[in-house]
Amino acid sequence: MSTSLEEEFNPQEAEELAHALAGAGGGALSMALTYPLVTISTKLQAEAKSEKEEKRSPWRVIEDIWQKEGLAGYYSGLESAIYGMAVANFIYYYFYESTGRSIQRLRRKTQLNALESIVTGAIAGSATAIASNPIWVANTRMTITKSEKSTLAMMLQIVKDDGVLALFKGLKPALILVTNPIIQYTVFEQLKNMILGLQGNQNAILAPSWAFLLGAVGKLIATGVTYPYITLKTRKHMEGDKNLKTKAETAGKSEAKVSAIEIIKKEGISGLYRGIGYKLVQSILTAAFLFYFKEGLVLWAIKALRLLRQFNQSSLRQRRIIVSKLG
């Protein structure tokens, strides 16, 4: 049965793929640039206050990493973080673009309003949270325990020690944290629509410089609102880690369950906001670079897919010529 060119290469699906590839590339680049801040904020979030010992200050954490591990210590778990960021952004952008286009077709509109952006973000964010959670569990443990294992090796070790369900520790707060990108992308999309409207071209691609600024604004608002759940998710990722059990028992703590109420009782409200300063800087820069790289890379991805389409058209014509000659 013959297949038409349109069926072989759907332009809309190609554009969705272009956005997904650009998002994956932009996410990986932005994570690599800001990863030392990720390491610092993760260590601060994971550090629970004991009765005998005060928590380390952020500067003490930075100093301890340098003295014990050197420069490489700030990049512990980088491989899994880049992999996780690329996978998460690919899934998110693909679902966001495909869901958004479906809504636009149903509503016969060219732009999503705020409510439609929220629905689209919720669908894309939920799919991303479920698919990427095992990678982020592995990344958190690699960062805290300074493991040199690969992402896959760490995931297999977690399954061996704690079972498959351990890969989904922190999934509930992760699903709640779907509100983070929803807020971020809703703010971004609405500001983007406003700017493109003022420029008189709603269908244009936003300039990378504008994307950098709007991405930073969106992430600032989103992270400020959802940070307690980021702390809770990090703590839950460490549940059941045998490498940390002795340390937890020494501090008189139970690692069986971690909850927001438990953190507030033992550490106060400030415990939920541990390391927020570094996380805000890291998140804002990561989001700004992500949108900057993504908006630039999507142009290259679309061009590459157009070249692929042209090659596909050429190959299809050649196949038809050969078939006609053989016939």
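The values are calculated or read from the model by the stated rules, or taken from the named source; none is laboratory data. Not measured: the values here are computed from a predicted model. Virtual Cβ from ideal backbone geometry, glycine too; neighbours counted across all protein chains shown.
Descriptive notes on the structure:
- Selection status of L280, modelled with pLDDT of 80 or more, surrounded by fewer than 19 Cβ atoms within 10 Å (Cβ to Cβ) and closer than 24 Å to G170 by Cα: yes
- Hits in the stretch 159-170 - residues which are touching a residue at least 24 places away in the same chain (Cβ under 8 Å) and under 22 Å from the mean Cα position of the chain (by Cα): A166, L167, F168, K169, G170
- Residues of the stretch 106-140 that turn out to be in contact with a Gly (Cβ under 8 Å, 6 or more places away or on another chain) and not in a helix (DSSP H, G or I), as a count: 1
- Pairs are defined by a Cβ separation below 7 Å, a sequence spacing of at least 6 or placement on different chains, a first member in the stretch 292-304 that is over 17 Å from L214 (Cβ atoms), and a second member that is surrounded by 22 or more Cβ atoms within 10 Å (Cβ to Cβ) and among the hydrophobic types (A, V, I, L, M, F, W, C); the pairs so defined are A301/A18; A301/L21; A301/A22; I302/A18.
- Set R107, R101: member being of a type in the set (D, E, K, R) and farther than 23 Å from F293 by Cβ: R107
- Residues that are outside any helix (DSSP H, G or I) and either surrounded by fewer than 17 Cβ atoms within 10 Å (Cβ to Cβ) or touching a strand residue (DSSP E or B) at 6+ places or on another chain (Cβ under 9 Å) (or both) within the stretch 69-96 comprise just one, G70.
- Test: residue in the stretch 51-68 that is at pLDDT 80 or above, touching a Ser or Thr at 6+ places or on another chain (Cβ under 8 Å), surrounded by fewer than 19 Cβ atoms within 10 Å (Cβ to Cβ) and more than 20 Å from T231 (Cα to Cα): no
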